[in-house]
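One structure is given here, and the rest of the page talks about it.
The values are calculated or read from the model by the stated rules, or taken from the named source; none is laboratory data. Since the model is a prediction, treat every value here as computed from it, not as a measurement. Using ideal geometry, Cβ is built from the backbone for each residue, glycine included, and neighbour counts are taken over all protein chains shown. For the accessible areas, the whole protein counts, side chains as well, though only heavy atoms, and no ligand, DNA or RNA atoms are used. Shrake-Rupley method; radii C 1.70, N 1.55, O 1.52, S 1.80 Å.
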Amino acid sequence: MEIIIQPSAEAASSYVARYLAAQINNRPNIVLGLATGGTPEPVYAELIQMYEAGQVDFSRVTTFNLDEYVGLSADHSQSYRYYMRSHLFDRVNIPLENTHFPDGMTDDIPRECRRYEQAIAAAGGIDLQLLGIGRDGHIGFNEPTSSLSSRTRIKTLTEETLRDNARYFESEEHVPYHVLTMGIGTIRNSRCILLLAHGASKAEAIAASVEGPLSAMVPASALQLNEQVIFVVDEAAASKLSRRDYYKWVFENKPAWQQVV
Ligand code: GLP
């Protein structure tokens, strides 16, 4: 695992945006896994700026989003399809047919979940998966006690996640209880994982994921098993890491040939 500690939330987001752009430029037909939530918003804003400046081209990129609410259609302002269009897709040159989501409006959830897994496999798998993290350590919508080998399926949100996500809805009662999400096994199949977190509210989840025991109680701890995983955090989110000086030392002394951005 690589733990990159940046001085501020802005610097952490900018690092991730530049990392993504560098990977797209290296491999124009890259398959990206994308995340929603407040955390990636500045990343997408910077990618739009880079696109407008002619520094990155999305015309051959394929994307798979982590998750979607059950019962919200693409034109619902809180659906993740809507989020991705307004925060990124409608503002860069990605063909919409290259963007994929689990369909929260399906009338056959098990079939839709199988279809999503098959679509990821048919695209050759995910090269680079961007993740945020919930305060309880969830990734995608894999709440604590999710199987560490789970595939795309329906999940029921915890009350904590419902409360956290209520800020985007009229009120807590409007947040759907059910979601479709890539499983932890699906996420772990990605060739590279880039997890971004900032703010003190994420510090415990980051410490438990990076330095705690591997446990279904902290879904992001499953990433310890991955070959290529990078946590990009600001000082506040890093504040409960016991070995943060070591992580900084490693980053400062990274050989030039290993530096992506
Ligand atoms: C939701 C999303 C996750 C996201 C998490 C944290 O539950 N499904 O993908 O990482 O929220 O969101 P935020 O970045 O707003 O803190």
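Data for the structure
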| read-out | value |
| --- | --- |
| Subset of the range 130-180 (residues that are closer than 22 Å to ALA207 by Cα and among the basic types (Lys, Arg)) | ARG135 |
| Top-ranked residue in the range 92-111 [being closer than 21 Å to SER150 by Cα and out of contact with any strand residue (DSSP E or B) (no Cβ under 6 Å at 6 or more places or on another chain); ranked as least open to solvent (accessible area, probe 1.4 Å)] | THR106 |
| Count of residues meeting criterion [polar (S, T, N, Q) and not in a loop (DSSP other than H, G, I, E, B)] in the range 173-223 | 5 |
| Selection within the range 143-172 - within 12 Å of the ligand (Cβ to nearest atom), assigned to a loop (DSSP other than H, G, I, E, B) and open to solvent by 20 Å² or more (accessible area, probe 1.4 Å) | THR158 |
| Given (1) modelled with pLDDT of 95 or more; (2) within 12 Å of the ligand (Cβ to nearest atom); (3) open to solvent by less than 30 Å² (accessible area, probe 1.4 Å); (4) over 16 Å from the mean Cα position of the chain (by Cα), index of the condition ILE139 fails | (4) |
| Count of residues meeting criterion [of a type outside the set (Phe, Trp, Tyr) and either modelled with pLDDT under 95 or part of a loop (DSSP other than H, G, I, E, B) (or both)] in the range 241-261 | 11 |
| Selection from the range 223-235 of residues that are more than 19 Å from THR39 (Cα to Cα) and either out of contact with any strand residue (DSSP E or B) (no Cβ under 8 Å at 6 or more places or on another chain) or open to solvent by 30 Å² or more (accessible area, probe 1.4 Å) (or both) | GLN224, LEU225, GLU227, GLN228 |
